[in-house]
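The values are calculated or read from the model by the stated rules, or taken from the named source; none is laboratory data. What you are looking at is a predicted structure, and each value in this text was computed from that prediction instead of being measured. Neighbour counts run over all protein chains shown; Cβ positions are idealised from the backbone, glycine included.
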């Protein structure tokens, strides 16, 4: 007989995921504070000449500056973010319950980044960005922060799960053979 809900082992995994989310949120906050202080003291800090450096920007939009040029952007994200977080935590719960490891890691990273930038929006009215990657004199991603990186990597992992690894993945292994699925749910006997 299959159980409903989360068993003890899965509860531990869920708690570890929550702790991981908290650690990433704290790391995001720490990096924003450190690089804001560094920028105030030294200005731009070049790590690899004309490729990778730290600068400082205040972003009123979302990841990579999306909607930063509209006056209603902050209000939009302050309303949307809590709704999205509830949905993300529901996905987190089911990724633990169904033992979808890739989805669990991906959605945990998305939650971490979302909370990290939401803290900035609530307490400072804008998000602190500080990482710049430049190729041929062009900023290829704009200016971003650790939370943006976490969300991007998390979204990629969620798509990998949805496309290749999940029970109902769009692109299964040969002939839909589930043996190739890393995230195949397991029975709990």
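Somewhere in segment 141-162, is a residue within 27 Å of residue 18 (Cβ to Cβ), touching a strand residue (DSSP E or B) at 6+ places or on another chain (Cβ under 7 Å), surrounded by 20 or more Cβ atoms within 10 Å (Cβ to Cβ) and modelled with pLDDT of 85 or more? There is at least one residue in segment 141-162 that is within 27 Å of residue 18 (Cβ to Cβ), touching a strand residue (DSSP E or B) at 6+ places or on another chain (Cβ under 7 Å), surrounded by 20 or more Cβ atoms within 10 Å (Cβ to Cβ) and modelled with pLDDT of 85 or more. Residue-level check: of (1) modelled with pLDDT of 95 or more; (2) crowded, with 24+ Cβ neighbours inside 10 Å, residue 117 misses just (1).
Restricting attention to segment 135-157, the residues that are touching a residue at least 60 places away in the same chain (Cβ under 8 Å) and touching a helix residue (DSSP H, G or I) at 6+ places or on another chain (Cβ under 9 Å) add up to 11. Candidates are the residues of segment 61-83 that are part of a helix (DSSP H, G or I) and more than 16 Å from the chain's Cα centre (by Cα); the one that is modelled with the lowest pLDDT is 73. As a summary of the residue check, residue 132 satisfies the conditions (1) over 18 Å from residue 31 (Cβ atoms); (2) out of contact with any helix residue (DSSP H, G or I) (no Cβ under 9 Å at 6 or more places or on another chain) except for the one numbered (1). Scanning segment 39-54 for residues that are out of contact with any helix residue (DSSP H, G or I) (no Cβ under 7 Å at 6 or more places or on another chain) and at negative phi returns 39, 40, 41, 42, 44, 46, 47, 48, 49, 51, 52, 53. Note on segment 163-182: residues that are modelled with pLDDT of 85 or more and assigned to a helix (DSSP H, G or I) amount to 3.
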